[in-house]
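Contents: one structure, followed by commentary.
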Amino acid sequence: MLLVRGAVKAYDWGLVDGLARWSESTGEPQAELWFGVHPGGPSPLLDDNWRPTGEHLGDRFDVEAIPLLVKLLAAAKPLSVQVHPRRRVAADQYALQREDEPVIYTDPFEKTEMLIALEDFEAFAGWRAVDQSIAFLEAIEGTLLAVRSLRTGTLADAIRVLLELGTPERIASLPEAARVAGLPDEQVAAYATVADLYPDDAGALLTPLLDYLRLAPGEAVYVPAGVPHSYIRGTGLEVMSSSDNVVRLGLTSKPVHVDHAIAALVPDLRPQVLRTSHGDLIWPIDSPFVVRVLRAGEEKILSGSYRIVLLIEGAASVESVNAETSLRQGTAAVMDARDPDALVRANGLVAIIQSTER
């Protein structure tokens, strides 16, 4: 059993000091806090007094032993419209990259993820019903070619056309078009946010193709690789396979790779929205992980798989026959498959994440 804290990622869409309660104040946007071995942000190891040892989790384990990446996320504005490639696509494209070319694929692994809301959370995830997308786009001047592509089922063509049509004038019309299409006020407000924050980003015109959802605390959305999404705002817990492969279509200052993103899409695949609450076991279909966000009490977690116990609020301890540790808010206990059974005691809010791949 090892004790770790998270590695802060300061992306521009983050909330100023949004993760300070789990790390430290920086006065800058804080977007993600990583708990894992991914080389993009391996977690620092702590001693029994919660002081850094100078080592990282990656110094003790490789990605095969630690197959999951856990994050705390604080979004102040919409993240990029993005898709994660499935395993074979990621492995093939990673192998084809040349050292003298820009990096698109950071590793050869699939990134499948789930977001569990810690407070009210808004997101675009998966495809909106085609008739709704058509009604939305018909309320935006000059989008007839995209509408025709949707009617004929040629989604890739619709994406390319909308990226060509993504002018500031059309982007500014998103909220009113959403209203004309009969969408609820909360969705109109979400599109107003997109138009206000990304007035010159052509990818904003893709958002009418994406379904909208709002999660209450404890509810979750599971996003398999191949499903497009963009988190809008809120604070949540992310659990994913240990990969940082992200191919973007818009709403970002980072590079956009349209052909790669379209190739990574799996049009018939849908996200799973899990209407749960804190304390429920969250185990999406075909997921490589299972999660329980425990409010109080005890939970036994069995040996044989990777486990991480992350304290979000209050107090918690983890005990096995070999070790015992107390957690501070924003620290986590990590156990690989060889570590023995452990007992988690919680008085607050603690996330227990286990790999289902043995």
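Quick check on segment 68-152: take the gyration tensor over C-alpha atoms, sort the square-rooted eigenvalues as a ≥ b ≥ c, and tell me if it's rounded (a/c under 1.5), prolate or oblate. Write down the numbers at each step before the final one.
Details: a/c = 2.44, a/b = 1.36, b/c = 1.79.
Verdict is oblate for segment 68-152.
Rounded to the nearest 20, the size of the Cβ-charge dipole of segment 19-156 about its Cα centre is 560 debye, with Lys and Arg at +1 and Asp and Glu at -1.
Relative intensity of segment 173-311 on a log10 scale, I(q)/I(0) at q = 0.09, 0.12, 0.19 Å⁻¹, equals -0.36, -0.63, -1.28, per a Debye sum over C-alpha point scatterers of equal strength in the absence of solvent. Considering only TYR222, LEU72, LEU311, whose Cα is most displaced toward the positive end of the charge dipole of the chain, charges sitting on Cβ of Lys, Arg (+1) and Asp, Glu (-1)? Highest projection toward the positive end goes to TYR222.
Spatially close Lys pairs in the chain, defined by Cα atoms under 20 Å apart and a spacing of eight or more places or different chains, total 7.
Normalise the Debye intensity by I(0) for segment 1-153, one equal point scatterer per Cα, no solvent, then take log10 at q = 0.11, 0.14, 0.18, 0.20 Å⁻¹ and round to two decimals. Rounded to two decimals, the profile gives -0.64, -0.93, -1.22, -1.31. Largest GNM mean-square fluctuation among ASP211, ASP201, ASP268, using the chain with Cα springs under 10 Å: ASP268. Heavy-atom accessible area for LYS77, with the other protein chains in place and a 1.4 Å probe, reaches approximately 60 Å².
Taken about its Cα centre, segment 242-327 carries a charge dipole of roughly 220 debye when the Cβ of each Lys and Arg holds +1 and the Cβ of each Asp and Glu holds -1.
Below 12 angstrom from the Cβ of GLY41, what's the summed charge of the other residues (Lys, Arg +1; Asp, Glu -1)? Every neighbour counted, the sum reads +1.
Selection among MET240, ALA91, THR356 by position relative to the dipole of the chain gives THR356 as farthest towards the positive end (Cβ unit charges, Cα centre).
Using the Cβ-Cβ distance between GLU99 and ASP268 with R0 set to 56 Å, the FRET efficiency works out to roughly 0.95. Within the listed set ARG292, ARG51, ARG170, the residue fluctuating most in the Gaussian network model of the chain (springs between alpha-carbon atoms under 10 angstrom) is ARG51. Report relative contact order for segment 24-126 in percent, whole number only (criteria: Cα-Cα under 8 Å, sequence separation at least 6). Dividing the mean separation by the residue count of segment 24-126 yields 20 percent. Taking a ≥ b ≥ c as the square roots of the eigenvalues of the alpha-carbon gyration tensor, segment 279-358 is classed oblate because a/c is 1.5 or more while a/b is no larger than b/c. Taking the Cα centre of the chain as reference, the dipole from Cβ charges on Lys and Arg (+1) and Asp and Glu (-1) amounts to some 500 debye. Beyond 16 Å, the tail of the calculated P(r) for segment 111-213 holds 55 percent of the Cα pairs. Can you tell which of GLN272, VAL16, GLY166 lies farthest toward the positive end of the dipole of the chain, using +1 and -1 charges on the Cβ of basic and acidic side chains (Lys, Arg; Asp, Glu)? Among GLN272, VAL16, GLY166, the one farthest towards the positive end of the dipole of the chain is GLN272. Neighbours of ALA346, meaning other residues whose beta-carbon lies under 9 angstrom from its beta-carbon, give a summed charge of 0 when Lys and Arg score +1 and Asp and Glu score -1.
Quick one, can you get me the convex hull of the C-alpha atoms of segment 1-87 expressed as volume per residue in Å³?
On the way: hull volume 8.9 nm³, N = 87.
It is 102 Å³ per residue.
Using the beta-carbon distance between ARG328 and THR167 and R0 = 45 Å, what value does 1/(1 + (r/R0)^6) give for FRET efficiency, to the nearest 0.05? Don't jump to the answer; show the numbers that get you there.
Numbers: r = 50 Å, r/R0 = 1.11.
Approximately 0.35, to the nearest 0.05.
Entry note, the chain: the mean residue ellipticity at 222 nm calculated from DSSP H runs of n ≥ 4, each adding -39500 (n - 2.57), is -5500 deg cm²/dmol after division by the residues and rounding to the nearest 500. Shape summary of segment 206-285, radius of gyration then Dmax from alpha carbon positions: 13.8, 41 Å.
Treating r as the C-beta distance of LYS300 and ARG87 and R0 as 30 Å, the FRET efficiency rounds to 0.40.
Computed over the Cα atoms of segment 250-297, the ratio of the radius of gyration to the Kirkwood radius (Rg/Rh) comes to 1.17. Cα convex hull, the chain: 133 Å³ per residue, rounded to a whole number.
The values are calculated or read from the model by the stated rules, or taken from the named source; none is laboratory data. Here the structure is a predicted model, which is why all the values come from computation and not from measurement. When we count neighbours, we look across all protein chains shown, and the Cβ atoms used for this are built from the backbone with ideal geometry, even at glycine. What goes into the accessible areas is simple: the full protein's heavy atoms, side chains included, and nothing from ligands, DNA or RNA. Shrake-Rupley method; radii C 1.70, N 1.55, O 1.52, S 1.80 Å.
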